[in-house]
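None of the figures in this text is laboratory data; all of them are computed from the coordinates on show. On a predicted model such as this, the values are computed, not experimentally measured, just so you know. Cβ coordinates were reconstructed from backbone atoms using ideal geometry, including for glycine residues, and neighbour counts include every protein chain displayed.
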Amino acid sequence: MMDRKVQRELVKSMLILIDTMRKIDWTIEEQRRSVLEILYAVEKQCEGNLSATRYAYYQDVIQGLLNIIATAPWGAMGAGDIIDACHLSQDILHSLIKALREEKEIKKEIVFLPYKASMWDSLESVWKAAVEDKEHCNAYVIPIPYYDRNPDGSFGMMHYEGLDFPADIPIINYLEYDFEMEHPDLIFVHNAYDRDNLATSVYPQFYSDNLRKWTTRLIYIPYFILEDRDYTNDEEAVKYFFGLISHQSMVNFDDIVVQSENLRQLYIEVLTRNSNTPNTERQVREYWSKKVKALGSPKLDKLNYMKHRECRIPKEWELRIEGKKVVLYNTSLNAALKNIDKLCGKMRSVFKQL
């Protein structure tokens, strides 16, 4: 399959060729040869990047054009005939450009936009699948900067963690990728909160309402996983998750990928209740039902991957925990932001009982 960049270059070459055809003296062999050389180069690129069937189409058209240019008696033709032949050649090139722009055998351009290296596992297995499918995909990892939030909501220190990713992941600097020009087919993110995030904020350029302008499909995969159970009759849980998964930015995503069908139903319920539209509840529910997909979580893929490999505790951890009781205590940032005193009191109570 053909890379998107090759496709663009070929289209650009043929547009230049059309302009060249208007300017050259067709009775001069050397000037005609320059046209032939460009056409040969286009044909060669099609041969090397497309299937035999698709190449055969371009080959037939280009060879027909080559024959016209190479064999026509340009020196014996009148000015009117030369103009007609030139217009015919340009029309053929326009048809080729249209075919190339609509070509189906173009690799998908897929961009992953993590902002914290520690959250990369929420996208990693999808990236690996795209990288392994070299025939159909070009995958790019482009870490984006983020800010700490001050207590008043303003931006604090800016962070960029592009250098903190595993060495085997090729990283592209966000300043070196032109999103508007490249317009990737898919963009994956693990941050959905845009302006609503109380702790951090990705660089505003990468808020979801901007990203959706730069891609055909914008996909959100949460950086977290939740308890997989039936939430249907758990009104308290539904109310709690309002603050976690119900944000205005959700409408900007074409797909919201969650870990299981239970979580899919929870998302649909919460997002339906929190929608402020004149549509009926049934219409809103259908809207979210199409967007939210239970396709699994890359974080669980990572856990399964690690189960089958020997994972050693870092040396610095071993030194810290040697001879001590080790407790894993999981907290929620959402709980801390709502009532830090209550959270700290709960932690003290738990640790006193250990």
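The Cβ shell under 13 Å around D196 holds other residues with a net charge of 0, Lys and Arg each +1, Asp and Glu each -1.
The gain in end-to-end length when the L88 to K134 segment is fully stretched comes to 12.7 nm, 0.36 nm per residue minus the alpha carbon separation.
Once P(r) over Cα pairs in 20 Å bins from 0, in percent is calculated for the structure shown, the corresponding label among (1) 25, 49, 22, 4; (2) 22, 42, 24, 10, 2, 0; (3) 26, 58, 15, 1 turns out to be (2). Residues of region 316-336 with amide nitrogen under 20 Å from the 7 Å Cα-to-Cβ point of S349? Flagged as within label range: 328-336. Here the convex hull built on the C-alpha positions of region 57-174 has a volume of 206 cubic angstrom per residue.
Entry note, the chain: the mean residue ellipticity at 222 nm calculated from DSSP H runs of n ≥ 4, each adding -39500 (n - 2.57), is -15000 deg cm²/dmol after division by the residues and rounding to the nearest 500. Seen through its C-alpha gyration tensor, with square-root eigenvalues sorted a ≥ b ≥ c, region 69-119 comes out prolate because a/c lies at 1.5 or above while a/b is bigger than b/c.
Relative protection proxy for 323-332, 160-169, from highest mean packing down: 160-169, 323-332 (other beta-carbon atoms within 10 angstrom).
The overall shape of region 271-354, judged from the alpha-carbon gyration tensor, is oblate: a/c is not under 1.5, and a/b is no greater than b/c.
Considering only E102, E43, E182, the Gaussian network model of the chain with Cα springs below 10 Å gives its largest mean-square fluctuation to E102. Within a straight-line Cα-Cα reach of under 26 Å, K324 can be paired with the following lysines, leaving aside sequence neighbours fewer than 8 residues apart in one chain: K307, K315, K346, K352. Using the Cβ-Cβ distance between Y160 and K293 with R0 set to 30 Å, the FRET efficiency from 1/(1 + (r/R0)^6) comes to roughly 0.45.
GNM remark for the chain: springs join alpha carbons under 10 Å apart, and the peak mean-square fluctuation among V292, V42, V202 falls on V42. Computed over the alpha carbons of region 193-272, Rg followed by Dmax gives 13.4, 40 Å. Taking Cα atoms only, the orientation of helix 29-49 departs from the longest principal axis of the chain by about 40 degrees.
Against the chain, whose longest principal axis comes from its Cα atoms, helix 281-291 is set at around 70 degrees.
In this simple spin-label model, placing a label point 7 Å from the Cα along the Cα-to-Cβ direction at both V326 and K5 gives a separation of 4.4 nm. Taking 0.36 nm per residue of separation and subtracting the Cα-Cα distance, full extension of the segment from S13 to H183 would add 59.2 nm. Take 342-353, 188-199 and order them by the average number of nearby Cβ atoms within 10 Å per residue, most first; the result is 188-199, 342-353.
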